[in-house]
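Comments concern the structure below.
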Amino acid sequence: MRIGIITGASSGMGREFVKRAVLDSPPCDELWLIARRKERLAVFPNLYKKQKFRLLSLDLSREEDLKVLAEKIDSLDKKDHVALFVHSAGFGLVGDIRDMSPEKQGEMVDLNCRSVAELTAMVLPHMEEGAGGRMIYMASAAAFLPQPGFALYAASKAFALSYVRSLRAENRGRGLRITAVCPGSVKTEFLDKALEGRSLPFYKKMVMADPVKVVAKAWKDNEKNRELSVYGIPIKATRLAAGIIPHAVFLRLMGSGKKKGPDR
């Protein structure tokens with residue numbers, strides 16, 4: 001049996017990846033959809049009646065929930081293979097480090113970093129080798145350089161990007177297609193949680209992307225076995241500039257030291 005596993009499946013880009021997976025050819029025999037909100041996952045079997053789903057209401061920032069998932073993956077039959085793994089779960093908070101609680105910062109690291117590593121370790125032994133095995137990770141353009149006022153999120157995505165690049169190199173001989181997706185601001189619920197009532201900087205509003213288009217490009221880039229999927233000319237230019245211009249220059253422009261943080 002060919003299995004697809006998608007985290008953060010209840011909304012935003014995770015939801016769009018579910019749609020892509022359902023329409024993929026050859027299809028997965030069963031899609032495991034993972035998210036905290038069970039009621040949102042429940043809509044998928046009604047939308048796609050021909051697709052078999054396993055709905056898992058889990059919070060991947062919690063150690064006990066990761067153990068539940070590990071047990072389910074370890075119980076797979078030897079004939080079962082994970083053909084698709086999409087890690088889309090994650091969150092960020094805008095604001096200065098000093099203004100965030102240690103608990104929130106720990107939760108962000110657990111979800112954005114720890115779950116990436118632990119879930120990868122869980123699924124990797126079961127991945128379908130060759131071009132059939134696909135792994136897609138949501139990183140961010142924030143991974144390209146440090147960001148005052150968004151520091152921990154940017155650092156967590158830098159971790160994810162570095163991790164995925166190494167993962168890809170280590171598994172080159174297995175033929176797996178492994179891609180890190182690095183969009184800029186995307187119009188999803190992620191921003192509502194990240195901003196918490198603050199306004200989005202104007203330069204990010206100017207490059208706001210459609211999640212449908214971001215996921216469509218990510219899916220195609222992974223099919224072509226590209227290491228990175230970067231949507232939009234402004235974000236591609238940002239990536240290029242971040243590789244040429246010293247980060248100290250960006251930090252001087254973005255970090256004013258004012259407590260307010262997000263609208264500098």
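The values are calculated or read from the model by the stated rules, or taken from the named source; none is laboratory data. Please read these numbers as outputs of a predicted model, since none were measured by experiment. Note: ideal-geometry Cβ built from the backbone for every residue, glycine included; neighbour counts use all protein chains shown.
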Subset of the range 219-237 that is touching a helix residue (DSSP H, G or I) at 6+ places or on another chain (Cβ under 8 Å) and either hydrophobic (A, V, I, L, M, F, W, C) or without any contact (Cβ under 8 Å) to a residue 24 or more places away in the chain (or both) - its residue that is farthest from VAL181 (Cα to Cα): ILE235
How many residues does the range 133-155 contain that are outside any strand (DSSP E or B), of a type outside the set (A, V, I, L, M, F, W, C) and closer than 20 Å to ALA9 by Cβ? 2
Would you mention how many residues in the range 92-132 are in contact with a Gly (Cβ under 9 Å, 6 or more places away or on another chain), at pLDDT below 95 and either within 20 Å of LEU228 (Cα to Cα) or in a loop (DSSP other than H, G, I, E, B) (or both)? 7
Considering the range 16-55 alone, what residues qualify as being without any contact (Cβ under 8 Å) to a residue 40 or more places away in the chain, surrounded by 18 or more Cβ atoms within 10 Å (Cβ to Cβ) and of a type in the set (Val, Ile, Thr)? VAL18
Tell me, which residue of the range 78-119 that is β-branched (Val, Ile, Thr) and out of contact with any His (no Cβ under 8 Å at 6 or more places or on another chain) is nearest to LEU60 (Cα to Cα)? VAL109
Among residues belonging to the range 119-148 that are more than 20 Å from ALA216 (Cβ to Cβ) and among the polar types (S, T, N, Q), point out the one that is nearest to the chain's Cα centre (by Cα). THR120
Assess whether SER25 counts as being among the hydroxyl-bearing types (Ser, Thr, Tyr) and in contact with a helix residue (DSSP H, G or I) (Cβ under 9 Å, 6 or more places away or on another chain). no
Residue among PRO125, PRO146, PRO102 that is in contact (Cβ under 8 Å) with a residue 24 or more places away in the chain, surrounded by fewer than 21 Cβ atoms within 10 Å (Cβ to Cβ), out of contact with any strand residue (DSSP E or B) (no Cβ under 6 Å at 6 or more places or on another chain) and not aliphatic (A, V, I, L, M): PRO146
Is it the case, given these coordinates, that ALA141 is in contact with a Pro (Cβ under 8 Å, 6 or more places away or on another chain) and in contact (Cβ under 8 Å) with a residue 24 or more places away in the chain? yes
Checked the range 6-25 for anything within 14 Å of TYR48 (Cβ to Cβ) and of a type in the set (Gly, Ala, Ser); matches are ALA9, ALA21
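Would you confirm whether or not the range 67-76 contains a residue that is closer than 19 Å to PRO211 by Cβ and at pLDDT 95 or above?
Within the range 67-76, not a single residue is closer than 19 Å to PRO211 by Cβ and at pLDDT 95 or above.
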Out of all the residues in the range 229-248, which are loosely packed, with under 11 Cβ neighbours inside 10 Å and assigned to a loop (DSSP other than H, G, I, E, B)? PRO246
Spot the failing condition for ILE178; the list is (1) assigned to a helix (DSSP H, G or I); (2) touching a residue at least 40 places away in the same chain (Cβ under 8 Å), and only one is missed. (1)
